[in-house]
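All remarks here apply to the structure that follows.
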Amino acid sequence: MVDHAAKLTERVWSRYDAREQWIRYAVYLATVVLVVWTVRDIDIFWPWVWDAPNQIQNLGARMWPPEFSAWSAILNAMLETVHIATLATLLTVFIALPVSYIAAQNTTPNRITLWLGRLILVSSRSVNTIIWALLFVAIFGPGVLAGILAVMFRSIGFIGKLMGEAIEEIDRRPVEAMLATGAGKMKVVMYAVVPQVMPAFFAIVILRWDINIRESTVLGLVGAGGIGVLLQGSIDTFAWQTVATILLAIIVLVIIGEAITSALRKKVI
Amino acid sequence: MTDTRITPGRVWKKQPFIANPWLRYGLLLLTLTYLYWAFSTLPFNWERIADGLPRAARIFGGAFPPSFERAGLLWTGFKESFQIAFLATLLGVMLSVPIAVMAAGNIAPKPIYLLGRAIIIISRSFHPVIVAILFVAAVGFGPLAGVLTLTLYSIGFVAKLLAEEIEEIDWGQVEAMRSVGAGYMKTLIYGVFPQVMPRQIGLSMYQLDSNLRASAVVGIVGAGGIGGTLMNAFGRYDYDFAFAILLLIIGVILLSEGISGWVRKKIW
Amino acid sequence: MLEISNLVKRYGHNDPVLKGLDLTVDGSSVVSIVGASGAGKSTMLRCINRLVEPTSGSIRLNGHELVNLRGGELRRARRKIGMVFQGFNLIDRLSVMENVLAGRLGYVSFYQAVTRRFPQTDIDRAFHLMDRVGISHYANKRADQLSGGERQRVAVVRALMQEPEILLADEPTASLDPKTSQQIMGLLQSLASEMSLPVLINIHNVTQARMYTDRIVGMRHGQMIFDGAPKDFNQDALDAIYGGIESPEEEGADSDEGHEAREAVA
C-alpha cells in the first residue's frame with residue numbers, strides 16, 4: 001500500500017512518449033533550419049517586402065475604376081476561352097478512354113500495355129498545362145490550336161487516371177455472369193464494365209471541364225489563345241483599368257462555369 | 001398456369017437515354033451547332049500550323065540528347081522554386097488557420113463568417129499564374145512575387161478545406177469544453193483543433209507538393225524559380241536545355257508526390 | 001448428360017479444394033449439392049463452366065470434353081451452360097430486358113450487342129420466358145429497382161436465354177428471404193421438368209434440398225460423401241456432412257475464386 005502511494009506521487013504525465021517527443025523535436029528543428037536557410041538564401045530584396053503592401057495598394061488604385069470600353073473584344077476573348085476548354089475536353093475523351101482502358105489492371109490486355117498506359121498518364125499529369133502550351137506554341141505557333149492541344153494533353157492524364165481507377169473499382173460479379181454466358185472480352189466490357197463506370201465518367205468529365213475553364217484563362221500569357229492574350233496585352237501597355245475589367249470578367253466566367261457544373265452534376269447523378 | 005407457346009412479334013427497343021424525343025434531338029442539334037460555331041469562329045492560322053510538323057521535328061531533334069551542362073543554372077532554379085514553395089506553404093498554412101476559423105459557420109459569428117468566406121473565394125477565383133503576373137507588376141520580378149502568389153493560393157485551398165473540416169467536427173467535444181468553463185480560445189484549442197489537426201498536417205503536406213508544382217509555373221511569368229529558366233531556354237531556342245529542365249521537373253514532381261503521399265499515409 | 005470424373009482443383013500450393021470428384025448427372029434431374037462452406041461446392045460448379053480453371057480431371061457435357069477448351073471454343077461451350085448466382089450478378093444500371101438479352105451475348109455479333117439490335121426470335125423468347133416467371137411488365141425497368149426475388153427471376157431468365165443444356169445454380173436462394181427462396185426453388189424445379197433440363201443447385205438449406213430436388217449430393221473437404229435420393233438423406237448423412245463444423249455461413253474459398261475470375265477477365 002505504501003509502495004503504491006509512492007508510485008502515485010512519482011507519476012508524471014506527458015502528452016507524448018519519449019520516441020514521439022524526439023520525432024516532434026526533430027521535425028521542429030528541421031523546419032526551423034529550413035526556414036532560416038531559406039530566408040537567408042532566397043534572392044529577395046527585403047526593403048521591397050516592407051514596401052510590398054504599398055505597391056499592391058498602388059496597383060489597386062491604378063485599376064480603379066474598371067474601364068469597360070473594350071467590352072466587345074473581352075467578350076470575344078471570353079468565348080474563345082470557353083471554346084478552348086470545351087473542345088479540348090471533348091477531344092480528350094476520345095484519347096483518355098482508351099488510355100484508361102489499358103491503364104486499368106483488370107481490363108488491360110497485358111503487362112506491356114499496362115505500363116504504357118501508366119507512362120502516358122504520368123507524363124501527361126506531371127507537365128502543367130501552361131508548360132504544355134509553351135511547347136505547342138513553339139511547334140504550331142501562337143494561337144488557339146496550341147491552347148487546345150495544351151489543355152488536352154494535361155486533361156488526358158487527369159481523366160485517364162480517374163477513369164482507370166473507376167474501372168478498377170467495378171463490381172466484379174456482373175463480369176463473371178457475362179463470362180458465364182459465353183460472351184467474348186469486348187462484349188463483357190460493353191455490358192458489364194461500361195454501364196458501371198458511366199456515372200463516374202460523366203462526373204469526371206464535368207469536373208475536368210470546370211478545371212479547364214480556369215486553365216484556359218491563362219493560356220494566352222504564353223500566346224496560346226483566349227482571354228490571357230488580352231490580359232497580357234493590357235498589362236504590357238499599363239492599361240490597368242482594362243486589366244481590372246478582364247479580371248472581373250474572369251471571375252464572372254468562373255462563377256458561371258461552377259454554376260453549370262453543379263447543375264449538370266445534379267442532373268447526371 | 002402458363003402458355004408454353006411463344007407469341008412472336010412483340011417489339012422491344014432499348015429505352016433511349018433521354019426519354020423526351022424533343023429534348024433528345026434538341027440536345028443533339030445544339031451540340032452539333034455548338035461544334036460548328038466553335039470551330040468556325042476560332043482563329044486557326046492554318047499556314048502556321050502546317051509548318052508545325054517540320055518544326056516539331058526540329059525541336060525534338062534539338063532536344064535530344066537533353067543537356068545537363070549548365071548544372072549551376074539548374075540548381076539555382078530548382079533551389080529557388082523549392083524555397084518559394086516552402087515559404088509560401090509555411091505562410092499560407094499559418095494564415096489559413098485563423099481564416100478557416102473565421103469561415104467555419106459553426107464557430108464564427110455571421111459577419112465574421114462572411115468575411116472569412118469572402119477571403120477564401122477571392123483567393124480561389126484566379127489561376128495562380130494570373131495572380132503571379134499581378135504581383136510581378138506590383139512588387140517586381142523575382143521570388144517575392146512567387147511567394148506572395150503561392151501564399152494566396154495556399155490560403156484559398158487549405159483554409160477552404162480546413163473550414164469544411166471544422167464545420168464537420170464532433171460538437172459534443174466542444175460542448176464538453178464549454179461545460180468545464182473554458183473560454184472561446186481554450187475551447188478552440190482543446191475542443192476544435194485536436195479534431196482537425198491530422199487533417200491539417202495532411203493538407204499542409206499536400207499543399208507543399210502542389211506549391212512545388214505551381215512554383216515551376218509561376219516562374220514563366222517572372223515570379224522566380226525554375227519556370228523562368230525554362231521560359232528563357234525556350235525563348236533562346238535552347239531546346240536541349242529546356243528538355244533537361246522538363247525532365248527534371250517531372251522527376252522532382254514525382255518524387256515530391258511520393259514523399260507527400262508517404263507522409264500523409266504515416267499521419268493518417 | 002454431365003460426367004465429371006476425377007476432378008481436382010488446387011489453389012497454389014495449398015491443399016486441394018476438390019480431391020478427385022466423380023459425378024454423373026443425366027436426363028432432367030434436379031440435383032442439389034449440400035455441404036458446409038469451404039467444402040468445394042462453389043468451386044466444383046465454377047469448374048464446369050470454367051470460371052475456375054480445374055487442375056486436373058475431366059468434365060464432359062453431352063460427350064464434349066470441357067477441360068482444356070480455349071478461346072472461342074470455350075465461349076461456345078459456355079453458351080450451353082446457364083448459371084445463376086447467389087448475388088444475382090445483374091448489371092444494375094441496365095434495364096431488365098437488356099439483362100435478359102445479355103444471355104444471348106454468346107450468339108449475337110458485337111455490333112448487335114452494342115446497338116441492342118437483337119434478333120426478333122431472341123426478343124420473342126425473352127418475352128416468353130419473362131411471362132413464364134412473371135416479370136415481363138418490368139422489361140424496361142432498371143434492374144436495381146427490383147426486389148431480390150424479382151432480380152433472381154431475371155437472372156434465371158438470363159441463364160435460360162442461352163438455351164442451355166444444363167443449368168448451374170450457385171446458392172441461388174442464399175440472399176433471399178425464406179418465402180421468396182421457396183418460390184425460386186419451386187421455379188427452378190418446374191422449369192427443369194418443363195424444359196427437360198438438368199439442374200445442379202448448390203444449397204445450404206437442407207430442408208429445401210429435400211423438398212425441391214430429386215437427388216442430393218453431399219460434399220465435405222472436397223470429396224463426395226453422400227449421393228442418393230432425398231428420402232435416404234437421414235440424420236447420419238447430415239452428421240457426416242456438417243458434423244463438427246462450427247459456422248456453416250462462412251465462405252472459405254471465396255477470395256481464391258475472386259482471384260481466379262479476375263484472371264479470367266484479364
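Readers should treat all values here as calculations from the given coordinates under stated rules, not as data from a laboratory. As the structure is a computational prediction, the values presented were derived from the model and not from experiment. FYI the Cβ positions are ideal-geometry reconstructions off the backbone, even for glycines, and counts take in every protein chain you see.
Of note:
- Each of A:Asp236 and C:Asn6 was given a label point 7 Å from its Cα along the Cα-to-Cβ line. The distance between the two points is 8.5 nm.
- Test item: Cα-centred dipole of the protein assembly as shown, Lys/Arg +1 and Asp/Glu -1 on Cβ, debye: 1320
- Lysines whose Cα lies under 26 Å from that of B:Lys186, excluding same-chain neighbours fewer than 8 positions away: B:Lys110, B:Lys160
- Region C:69-147 and region A:93-113 have Cα centres separated by 27 Å.
- The string of couplings for region C:167-172 from the Karplus curve (6.51, -1.76, 1.60, θ = phi - 60°) is 10, 9, 10, 9, 6, x Hz, one whole number per residue in order, with x for Gly and Pro.
- In region B:71-267, taking the dipole from charged Cβ atoms about the Cα centre, the farthest positive-side position among B:Leu152, B:Phe241, B:Tyr206 is held by B:Leu152.
- Filter on A:Lys185/B:Lys14; B:Lys265/C:Lys41; A:Lys185/C:Lys141; B:Lys13/C:Lys41; A:Lys267/C:Lys80 - keep pairs with C-alpha separation over 31 Å: B:Lys265/C:Lys41; B:Lys13/C:Lys41; A:Lys267/C:Lys80
- Computing Rg and the Kirkwood Rh from the Cα coordinates of chain A gives a ratio, Rg/Rh, of 1.17.
- About its Cα centre, the dipole of chain C is roughly 1000 debye, where the only charges are +1 on Lys and Arg Cβ and -1 on Asp and Glu Cβ.
- Compared with the dominant Cα axis of chain C, that is its longest principal axis, helix C:148-161 is turned about 80°.
- Springs between Cα atoms under 10 Å define the GNM used for chain B, and in it the highest mean-square fluctuation of B:Val147, B:Val139, B:Val97 occurs at B:Val139.
- Overall form of chain B per C-alpha gyration tensor (a/c, 1.5; a/b vs b/c): oblate
- Charged side chains reduced to their Cβ positions (Lys and Arg at +1, Asp and Glu at -1) give region A:23-181 a dipole of some 360 debye around its Cα centre.
- Loop-resident sites, region B:1-90, for GluC sites (Glu not before Pro), counting at most 11 other Cβ within 10 Å (DSSP): B:Glu69
- Shown for chain A are the DSSP H helices of 15 Å or more along their axis, judged by Cα atoms, with a mean Kyte-Doolittle hydropathy of at least -0.5: A:18-41, A:71-103, A:111-126, A:129-140, A:144-168, A:194-219, A:240-268.
- Helix C:254-265 vs. chain C, principal-axis angle (Cα, 0 to 90°, nearest 10): 40
- The fewest-to-most ranking of B:Ser215, B:Ser125 by surrounding Cβ atoms within 10 Å reads B:Ser125, B:Ser215.
- GNM result for chain C, Cα springs below 10 Å: residue of C:Ser196, C:Ser147, C:Ser37 fluctuating most strongly: C:Ser147
- By the helix-only formula, in which each DSSP H run with n ≥ 4 contributes -39500 (n - 2.57) and the sum is divided by residues, the protein assembly as shown has a 222 nm mean residue ellipticity of -20500 deg cm²/dmol.
- Take each residue of peptide C:126-136, count the partner chain Cβ atoms within 10 Å of its Cβ, and average: the result is 3.
- Chain lengthening between C:Lys179 and C:Ser147 when straightened (0.36 nm per residue, less Cα-Cα): 10.2 nm
- Dipole orientation for chain A: of the candidates A:Ser126, A:Pro53, A:Ser72, A:Ser126 has the Cα lying most toward the positive pole (charges on Cβ; Lys, Arg +1; Asp, Glu -1).
- Among the residues of A:84-91, the average count of other protein chain beta-carbon atoms within 10 Å of the residue beta-carbon is 2.
- Here the relative contact order of region B:71-267, from alpha carbon pairs under 8 Å that lie six or more residues apart, stands at 29 percent.
- Pairwise label distance in nanometres, C:Glu53 with B:Arg55, each label 7 Å out on the Cα-Cβ vector: 5.2
- Farthest towards the positive end of the charge dipole of the protein assembly as shown, among the residues A:Trp13, C:Asn49, B:Gly52, is the Cα of B:Gly52, using unit charges on the Cβ of Lys, Arg, Asp and Glu.
- Extension gain from B:Leu254 to B:Glu47, taking 0.36 nm per residue of separation minus the Cα-Cα distance: 70.7 nm
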